[in-house]
Amino acid sequence: MTNRNFHKIAVLMGGRSAEREVSLSSGRGVVAALREEGFDAHPLDPGDNPGQQLFEAKPDAVFNALHGRFGEDGTVQGLLELMRIPYTHSGVLSSAIAMHKERTKDIYRAAGLPVVKSIVVDRQQAAASHLMEPPYVVKPVNEGSSVGIFIIRKGNNRPPAELGSDTWNLSNEMMVEEFVPGRELTVAVMGDRALGVTEITTELAFYDYEAKYAPGGSKHILPAQIPFGAAEEAMELAVGAHKALGCRGVTRTDFRYDDTGSKHRMILLETNTQPGMTPTSLVPEQAALVGMSYAKLCRWIVEDASCDR
């Protein structure tokens with residue numbers, strides 16, 4: 001059920017995760033779009049006391065445009081629940097689970113959704129020796145936007161030394177998982193509806209942080225030029241992941257589509273509970289594909305806000 005009585009909206013943006021700059025970009029776009037739609041929208045960059053900031057702001061609802069830790073992991077959702085401020089996107093539990101890549105896979109497996117083998121180890125273990133036959137992927141279990149990801153390819157003598165460095169400032173828990181060849185796909189889900197399938201290509205080594213957010217870093221092919229049956233499967237799996245995790249509002253699920261052999265396979269990677277809303281983001285593009293402007297998408301997300309999510 002939508003709520004059309006919200007007027008004053010606090011847009012949470014920035015924060016202190018590794019994705020701060022992306023969140024600021026998302027937030028600026030959302031503030032402008034909501035004002036275009038007639039809302040009294042205000043940016044709010046949470047500092048050391050976000051509860052006090054929210055208390056003083058007294059919004060009717062919060063548009064959560066934070067990305068990464070402390071914004072997408074259930075923590076700020078818990079604060080908003082305690083303060084009884086309606087907010088957008090997924091709730092405490094689903095946000096916390098989806099932010100932890102291995103817990104997400106546990107839910108996927110229980111729901112019968114296709115994933116590949118993976119283990120979680122300390123980063124020093126991941127740096128010391130191959131824990132899986134290359135090629136494989138090493139990534140922090142609780143970061144987004146491809147922050148801190150390494151692909152270890154056949155012929156690499158050892159994992160990247162950066163993993164064991166004293167300057168490492170990401171999670172000490174790392175996921176090691178089988179590398180899936182093929183194509184990078186993503187599907188946005190809005191409520192209980194999949195919007196479309198985008199294929200992402202890049203001239204860089206892989207679809208990393210720079211490829212995602214730098215102008216020209218990647219190319220989005222929408223709709224993806226894949227067989228109709230594969231597109232249908234991806235959309236069904238994205239809705240299945242959204243529901244299995246108990247998500248709300250808008251999510252985006254990422255896939256690898258392995259069409260390199262005689263038997264094709266669709267593999268789920270992760271579900272983003274607060275997808276980017278930047279000028280190069282994927283969800284606004286998929287919304288436009290079904291006839292919804294960026295501003296109308298922001299309106300829908302706000303009107304979907306509630307407590308007890």
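No lab work stands behind these numbers, since they all come straight from the coordinates. Quantities reported herein were computed from a predicted structural model and do not represent experimental measurements. Every residue, glycine among them, receives a Cβ derived from its backbone with ideal geometry; neighbour counts consider all protein chains shown.
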Neighbour-count order for Met235, Met99, fewest beta carbons within 10 angstrom listed first
Met235, Met99
Order of Arg153, Arg84, Arg309 - criterion: other Cβ atoms within 10 Å of each residue's Cβ, fewest first
Arg84, Arg153, Arg309
Around Val115: net Lys/Arg minus Asp/Glu count, Cβ-Cβ under 9 Å:
+2
Proximal charge balance of Arg309 [Cβ under 10 Å; K/R count +1, D/E count -1]:
-2
On Cα atoms only, tilt of 101-110 relative to the major axis of the chain in degrees:
80 degrees
Phi angles of the stretch 280-287, converted by Karplus (6.51 cos²θ - 1.76 cosθ + 1.60, θ = phi - 60°) into ³J(HN,Hα) in whole Hz with x for Gly and Pro, give 9, 7, 7, 5, x, 5, 6, 5
With the cut-off at 29 Å, tell me which of the pairs Lys58/Lys243; Lys101/Lys154; Lys139/Lys296 have Cα atoms farther apart than that.
Lys58/Lys243; Lys139/Lys296
Reach of Lys117 by Cα under 14 Å, taken over aspartates and glutamates that are not fewer than 8 positions away in the same chain
Glu102, Asp106, Glu133, Glu177, Glu178, Glu270
Just grab the label-to-label distance for Arg84 and Asp258, each label 7 Å out from Cα along the Cβ direction, in nm (one decimal).
5.1 nm
For His89, His264, His67, His7, order by how many other beta-carbon atoms lie within 10 Å, fewest first:
His7, His264, His89, His67
Under the Kirkwood approximation applied to all pairs of distinct alpha-carbon atoms, what is the hydrodynamic radius of the chain in Å?
19.8 Å
Taking Rh as the Kirkwood radius computed over C-alpha pairs, what is the Stokes-Einstein D of the stretch 118-178 at 37 °C in a medium of viscosity 0.692 mPa s, expressed in µm² per second?
290 µm²/s
